[in-house]
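The values are calculated or read from the model by the stated rules, or taken from the named source; none is laboratory data. Nothing here was measured: the structure is a model prediction, and the numbers come from that model. Here the Cβ positions follow ideal geometry from the backbone for every residue, glycine too, while neighbour counts run over all protein chains shown. For the accessible areas, the whole protein counts, side chains as well, though only heavy atoms, and no ligand, DNA or RNA atoms are used. Shrake-Rupley method; radii C 1.70, N 1.55, O 1.52, S 1.80 Å.
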Amino acid sequence: QVQLVESGGGLVQAGGSLTLSCSASGRTSGPYSMGWFRQAPGKEREFVAVVRRTDSRTYYADSVKGRFTISRDNAKNTVYLQSNSLKPEDTAIYYCAATTRFAILTAPEDYDYWGQGTQVTVSS
């Protein structure tokens, strides 16, 4: 089992920045990739970004490309999401997730472990 705990959410004005963190514990040697998803009220959970443990390869949703950066510190079992130039449409609960599959994956059903989420609110 892997436990994931997110932190760093909050309220920020449009154009501002936030850094989200996700700390993993338990059987952390198992997951190959860790990703971030988000879910706005009344919408489905959507992929944001993913980073693979073995080669640090990353992949981003088009909506955040160029504004968000995902990174990981394997020694600390922590993944980060640096979010810049935030927009009101980025408002959502952000979830950290981990998958034991090697491929770079973007579908929520391909992820095995989930955190509880952290709220990000961007005011206009």
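Under the combined filter of DSSP loop state and at most 12 neighbouring Cβ atoms within 10 Å, region 28-116 retains these GluC sites (Glu not before Pro): E44.
Give, rounded to the nearest 20 debye, the magnitude of the charge dipole that the chain has about its Cα centre when Lys and Arg contribute +1 at Cβ and Asp and Glu contribute -1 at Cβ.
Details: 13 positive and 11 negative charges, 55 e Å.
The dipole magnitude comes to about 260 debye.
3J(HN,Hα) along region 38-50: 9, 9, 8, x, x, 10, 7, 5, 10, 5, 10, 6, 8 Hz, from the Karplus curve 6.51 cos²θ - 1.76 cosθ + 1.60 with θ = phi - 60°, whole Hz, x for Gly and Pro.
Heavy atoms only, probe 1.4 Å: what % of the accessible area of the chain goes to carbon and sulfur, would you let me know?
Working: 2860 of 6250 Å².
Carbon plus sulfur share of accessible area: 46 percent.
For the chain, which span is the longest to avoid every loop-located (per DSSP) member of trypsin sites (Lys or Arg not before Pro) having at most 14 other Cβ atoms inside 10 Å? Longest gap between qualifying sites, sites excluded: 1-26.
Over the chain, what lengths in whole Å, largest first, do the semi-axes of the equivalent ellipsoid take, defined as the square roots of 5 times the eigenvalues of the alpha-carbon gyration tensor?
Details: eigenvalues 104, 38, 37 Å².
Equivalent ellipsoid of the chain: 23, 14, 14 Å, largest first.
Applying 1/(1 + (r/R0)^6) with R0 = 35 Å to the Cβ-Cβ distance of Q39 and Q1 gives a FRET efficiency near 0.95. Scalar couplings 3J(HN,Hα) for region 4-13, obtained by applying the Karplus form with A = 6.51, B = -1.76, C = 1.60 to θ = phi - 60°, are 10, 10, 8, 7, x, x, x, 9, 9, 7 Hz; x denotes Gly and Pro. Comparing S21, S29, S56 in a Gaussian network model of the chain, where Cα atoms under 10 Å apart are tied by springs, the biggest mean-square fluctuation is seen for S29.
Sites listed here are chymotrypsin sites (Phe, Trp or Tyr not before Pro) in region 4-109 whose DSSP assignment is loop and whose Cβ has at most 13 other Cβ atoms within 10 Å: F102. What the chain shows is 50 Å² of accessible area per residue, with the surface traced by a 1.4 Å probe over protein heavy atoms. Dipole check for region 69-124: with +1 at the C-beta of Lys and Arg, -1 at the C-beta of Asp and Glu, and the Cα centre as origin, the magnitude is about 180 Debye.
Within the assembled protein chains, the solvent-accessible surface assigned to L86 is about 10 Å², based on a 1.4 Å probe.
The modelled label-to-label distance between L11 and K76, using points 7 Å beyond Cα along the C-beta direction, is 2.7 nm.
Here the Karplus relation 6.51 cos²θ - 1.76 cosθ + 1.60, evaluated at θ = phi - 60°, turns the backbone of region 85-99 into coupling constants of 6, 5, 10, x, 6, 7, 4, 4, 8, 9, 10, 8, 9, 9, 10 Hz, with x for every Gly and Pro.
Evaluate E = 1/(1 + (r/R0)^6) for S25 and T58, where r is the Cβ-Cβ distance and R0 equals 22 Å; express this FRET efficiency to the nearest 0.05.
Details: r = 23 Å, r/R0 = 1.04.
Computed FRET efficiency for S25 and T58 comes out at 0.45.
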